[in-house]
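The next block holds one structure in the form of structure tokens; read it before the comments.
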Amino acid sequence: MGSREELMFKKLGTVIAALFALLALTTLGVSTATAAPAKVTLGGGSGILFPTGGGGYNACTLTTIGHDQNNALVGLTAGHCGKAGTPVLSESSKAAGQLGVIVFSNDVLDYALIRFDAALVNPVERIGGVTIRGIRTQAPQFPEIGCKEGRTTGNTCGVTWFSDGFAHFSQICVVEGDSGSPVVVGDRLVGMVNAYYFFGCIGPETGTNIKPILDDLPQRGVTNFQVI
């Protein structure tokens, strides 16, 4: 009987020791692996936020996302959405925190250049009803139908009234928060939404065409911008 009791105590001691070791490893965090945070999906038409201080945000829309000549992940939006140095968050995944930062904002063309953290962002070519498979530098003209995807009014389309090379004017429905929305003809990016006249979704929409932006980007250190 003595040998059986001794054997039982040895087994019990082994089990207790193993439990203490497991508890220690778990407490110290050395026995478990922490998964990398899931990437946030962003593309032309995604809602993005810019902190304004005091817990407030400016809400705008991402025009497009792609890579520069160094394969850095960059994007565009309306310039009045934020100034250089302003952090950029995803509206749908705000808890993920800062995903990028505005590195330049052009008040004349009203566009902003965003540099994203590629480790945190999953760039896509389609958001909602808009797919961007390329860029068209020819300005949209009457009676072409342009469409946009915005964080406020979603996917809307309208006739192009005219373009002056610098900007276009159309009947696309837009309101506040749609600033920066990609304007496409088919699946080609031709510009962005910057403003509307008189009343939202009634007065004409206007925005900067993509060619003046592309012509300005090399002065900001970005050449060979390619959409996703």
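Observations, loosely collected:
- Relative to its residue count, segment 175-220 spans a Cα convex hull of 87 Å³ per residue.
- For the peptides 69-78, 41-50, 132-141, residues were scored by their other Cβ atoms within 10 Å and the scores averaged per peptide; the highest-first order is 41-50, 69-78, 132-141.
- Distances between placed amide hydrogens fall under 5 Å for A167 paired with N209, all partners being 5 or more residues away or on another chain.
- Across the protein chains, with a 1.4 Å probe defining accessible surface, the residues I102, I127 rank I127, I102 from largest area downward.
- 5 angstrom amide H check on G43, placed H, neighbours 5+ away: V124
- Average accessible area per residue (Å²) across segment 72-187 - probe 1.4 Å, nucleic acids and ligands excluded: 41 Å²
- Think of segment 97-218 as a dipole: +1 on every Lys or Arg Cβ, -1 on every Asp or Glu Cβ, centred on the Cα centre; then among M192, I132, I202, I132 lies furthest on the positive end.
- Full extension of the chain between D117 and K83 gives 10.4 nm of extra length, using 0.36 nm per residue less the Cα-Cα distance.
- About the centre of its Cα atoms, segment 81-228 shows a dipole size close to 300 debye [charges on the beta carbon of Lys, Arg (+1) and Asp, Glu (-1) only; nearest 20 debye].
- Value of D in µm² per second that Stokes-Einstein yields for segment 100-183, Kirkwood Rh from Cα pairs, at 4 °C (1.567 mPa s): 90 µm²/s
- Split the accessible area of segment 179-220 by element, probe 1.4 Å, and carbon with sulfur accounts for 59%.
The values are calculated or read from the model by the stated rules, or taken from the named source; none is laboratory data. Owing to the predicted nature of the structure, the values given are computational and were not obtained by experimental measurement. Heads up, the Cβs are rebuilt from the backbone with ideal geometry, glycines too, and the neighbour counts pull from every protein chain shown. The accessibility values were calculated without ligands, DNA or RNA, using every heavy atom of the protein model including side chains. Shrake-Rupley method; radii C 1.70, N 1.55, O 1.52, S 1.80 Å.
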